[in-house]
Amino acid sequence: MNDLNPMGTMSSAHDTLPLAISVRGLAKRYGDVTALDGIDLDVPRGMIFGILGPNGAGKTTLIRLLATLARPDSGSATVMGHDVVSDPQAVRGAIALTGQFASLDEDLTGRENLVMLARLWGFSGSLAKARADELLAAFELSDAARKQVKSYSGGMRRRLDIAASLIVTPGVLFLDEPTTGLDPKARQGVWKMIRALAQSGVTILLTTQYLEEADQLAARIAVIDRGRKIAEGTSRELKSAIGSGFLHVALADNGRLDEAEAILERTLGATVQRSAEGAQLSVVAGSTRAANEALAALISAGIELSDFSMGSPSLDEVFFALTGQPMEEETGGEAS
Ligand code: ATP
């Protein structure tokens, strides 16, 4: 393990910004399961804030509590200054949700869905159509506007889900795993929209189990595991807190991975992590001198390297260092 202070005081610059979300000691149980175990969180206005954690970490529960879809057992939370327990109506007026909550009519076209939702918000017929067209253009869906939603690809569907939650611009947008199950290209398309939204001033609380997503999008990241926050900071802070002297090696012969792992552990005295595909070994070396010694030990054992580098750890390695476990692998997810 590393010596990262789990609740880290890694940055305080955000302390002075007005808060969109403030959470203190939030806890929620479902029967015997502790879904959230006393979470503290401050999200400044206008930021993309990432909640990163594996399946079952409590991400959706946190969003449900903040969106007033469930009540906390203890602790408190405000969203745009409104208390989620004592003033849920005001909270609902300030937020929008997407993820599993979005409800689109599959048989209607994308445009018809948005027009219908805008009418529900009280827009006149012509204003509803204008808003729908504006959102379709912003989310690069104009070409598909007149096609039924059931013919949309997964990425188009997610973009329409997000557009549907933005008929009226919210103060805070909750995005619950917005790209789970999407292929990399569709994921990039959704990311582009999320970035553009943040630039327009909307605060975004984004949950994800994809490390790269948090890395790419979030200005700050809270890592949660089993209902607890185990670290918080910018991606860079989280990485540097566990050491920048990370040694990555790839072997010419993967049949010798076990042997190489044992040598690295022995020479560096740290736990070695294997990449998901098993082809790369990563370990905290601490200094280039220590890394050189470890590499020399591999070479003198006759283990040939196909690649090696020193650098920052990935967020994957951060999660491993914090919890002693890898993030769960992608489970494939649904195609839509
Ligand atoms: P995932 O990525 O799988 O959605 P998550 O981080 O969003 O995971 P939650 O859905 O918040 O996790 O679940 C946290 C824990 O609480 C899990 O063990 C889950 O089974 C449990 N849980 C969540 N909602 C309920 C519920 N309504 N009834 C019973 N248990 C629940």
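The values are calculated or read from the model by the stated rules, or taken from the named source; none is laboratory data. Being a predicted model, the structure only gives us computed values, none of them experimental. Backbone-built Cβ (ideal geometry, glycine too); neighbour counts: all protein chains shown. Side chains included, ligands, DNA and RNA excluded: accessible areas come from the protein's heavy atoms. Shrake-Rupley method; radii C 1.70, N 1.55, O 1.52, S 1.80 Å.
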>> Pairs needed: first member in the stretch 162-175, not assigned by TED's automatic domain parsing to the domain that holds Ala96; second member anywhere, open to solvent by less than 10 Å² (accessible area, probe 1.4 Å) and not hydroxyl-bearing (Ser, Thr, Tyr); C-beta distance under 8 Å; at least 6 residues apart or different chains.
In response: none
>> If I ask for residues that are crowded, with 16+ Cβ neighbours inside 10 Å and under 24 Å from the mean Cα position of the chain (by Cα), which ones from the stretch 71-93 would you list?
In response: Pro72, Gly75, Ala77, Thr78, Val79, Met80, Val84, Val91, Arg92
>> If I filter the stretch 94-119 down to residues being at negative phi and within 16 Å of the ligand (Cβ to nearest atom), which single residue comes out as surrounded by the fewest Cβ atoms within 10 Å (Cβ to Cβ)?
In response: Gln100
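In the list Ile230, Ile224, which residue meets the criterion of being of a type outside the set (Asp, Glu), modelled with pLDDT of 90 or more and either touching an Asp or Glu at 6+ places or on another chain (Cβ under 8 Å) or open to solvent by less than 10 Å² (accessible area, probe 1.4 Å) (or both)?
On the way: Ile230 fails: either touching an Asp or Glu at 6+ places or on another chain (Cβ under 8 Å) or open to solvent by less than 10 Å² (accessible area, probe 1.4 Å) (or both).
Checking each option against the conditions leaves just Ile224.
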> Are there any pairs with C-beta distances below 7 angstrom linking a residue in the stretch 54-76 that is more than 26 Å from Glu212 (Cβ to Cβ) to a residue that is among the acidic types (Asp, Glu) and modelled with pLDDT of 95 or more, with the two at least 6 apart or on different chains, and if so which?
Replying inline: Ser76/Asp83
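Please enumerate the residues belonging to the stretch 51-76 that are in contact with a helix residue (DSSP H, G or I) (Cβ under 7 Å, 6 or more places away or on another chain) and within 12 Å of the ligand (Cβ to nearest atom).
Step one: list which residues in the stretch 51-76 are in contact with a helix residue (DSSP H, G or I) (Cβ under 7 Å, 6 or more places away or on another chain), which gives 51-53, 68, 70, 72.
Listed by number, the residues that qualify are Ile51, Leu52, Gly53, Ala70.
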> Ala196 passes all but one of (1) open to solvent by 40 Å² or more (accessible area, probe 1.4 Å); (2) small (Gly, Ala, Ser); (3) within 30 Å of Asn292 (Cβ to Cβ); which number fails?
Replying inline: (3)
>> Testing Gly324 on (1) surrounded by fewer than 18 Cβ atoms within 10 Å (Cβ to Cβ); (2) in contact (Cβ under 8 Å) with a residue 40 or more places away in the chain; (3) more than 25 Å from the chain's Cα centre (by Cα), one condition comes back false. Which one is that?
In response: (3)
> Looking only at the stretch 25-50, which residues are near the ligand (Cβ under 8 Å from one of its atoms) and either surrounded by 24 or more Cβ atoms within 10 Å (Cβ to Cβ) or in a loop (DSSP other than H, G, I, E, B) (or both)?
Replying inline: Gly31, Leu36
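Quick grid of which residues meet (1) among the hydroxyl-bearing types (Ser, Thr, Tyr); (2) within 16 Å of the ligand (Cβ to nearest atom); (3) assigned by TED's automatic domain parsing to the domain that holds Ala290:
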residue	(1), (2), (3)
Thr207	yes, yes, no
Glu213	no, yes, no
Leu251	no, no, yes
Glu265	no, no, yes
> Residue check: is Arg157 in contact with a Leu (Cβ under 8 Å, 6 or more places away or on another chain) and touching a residue at least 60 places away in the same chain (Cβ under 8 Å)?
Replying inline: yes
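Look at the stretch 243-300 and say how many of its residues are in a strand (DSSP E or B) and without any contact (Cβ under 8 Å) to a residue 40 or more places away in the chain. It would help to see each step written out before you state the result.
Here is the first cut: in the stretch 243-300, the residues in a strand (DSSP E or B) are 246-251, 273-274, 280-284.
So of that shortlist, the ones also without any contact (Cβ under 8 Å) to a residue 40 or more places away in the chain come out as 274, 280-283.
Adding up the residues that qualify gives 5.
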>> Looking only at the stretch 163-211, how many residues end up being β-branched (Val, Ile, Thr), outside any strand (DSSP E or B) and under 16 Å from the mean Cα position of the chain (by Cα)?
In response: 4
